[in-house]
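S.K.: Questions regarding the structure given below will be posed in turn.
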């Protein structure tokens, strides 16, 4: 129950912060794109957390995370946080002042891409019990190189790429999309550092790097 309460508190805390930033910037609760994003973001997250609590509490505890030990990763986390903050503020201001308008077709398409990202996220959770929010080699950890890990090295980051790049379009803001375009550059830094850590400490990872060429997207990178 302690684990479940911790997960719920973090979920509700994240919901409150994101909603407060977006609606305060928008100056109105009539921002329907924001309500759509909040529903798409937190309803599946609540369902996934419940399933993990029932089926894999150890994995849920890892996903709740601890303090990042790698200095390079702490910088990445700070940059990501700044990107989200600025991006959500810009989206709210875009709604308030009508700077841009994303057609409903693209909003719907972005919502579908977002759900696809969540589906991939769930698939990766089911295939890798060592997923943690911090970059480190865990005690007893072994290499996972099957399933989606046989296609790309970092399928979890592929999922986050789909999720985060869809967010500004769901919010109906082209200007916010410009802010979120920083994410591929930010995640690149995290991936390169993570690969160096795993190559140094996880048996078989160096060979895995030679066998699986693509990091995020097949035939692209």
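S.K.: Is it the case, given these coordinates, that residue 114 is over 27 Å from residue 153 (Cβ atoms) and either loosely packed, with under 14 Cβ neighbours inside 10 Å or at pLDDT 95 or above (or both)?
M.R.: Considered against the rule, which asks whether it is over 27 Å from residue 153 (Cβ atoms) and either loosely packed, with under 14 Cβ neighbours inside 10 Å or at pLDDT 95 or above (or both), residue 114 comes out as no.
S.K.: For the range 142-157, which positions are surrounded by fewer than 14 Cβ atoms within 10 Å (Cβ to Cβ) and without any contact (Cβ under 8 Å) to a residue 40 or more places away in the chain?
M.R.: Listed by number, the residues that qualify are 146, 147.
S.K.: Ok, one more. May I ask you to verify whether residue 169 is modelled with pLDDT of 90 or more, surrounded by fewer than 16 Cβ atoms within 10 Å (Cβ to Cβ) and within 22 Å of residue 112 (Cα to Cα)?
M.R.: Judged against the criteria, residue 169 is not a match.
S.K.: On to the next question. What is the number of the single condition among (1) crowded, with 18+ Cβ neighbours inside 10 Å; (2) without any contact (Cβ under 8 Å) to a residue 40 or more places away in the chain; (3) over 21 Å from residue 35 (Cα atoms) that residue 213 does not meet?
M.R.: Of the numbered conditions (1) crowded, with 18+ Cβ neighbours inside 10 Å; (2) without any contact (Cβ under 8 Å) to a residue 40 or more places away in the chain; (3) over 21 Å from residue 35 (Cα atoms), the odd one out for residue 213 is (1).
The values are calculated or read from the model by the stated rules, or taken from the named source; none is laboratory data. Only a predicted model underlies this, so the values are computations on that prediction, with no experimental measurement involved. Virtual Cβ from ideal backbone geometry, glycine too; neighbours counted across all protein chains shown.
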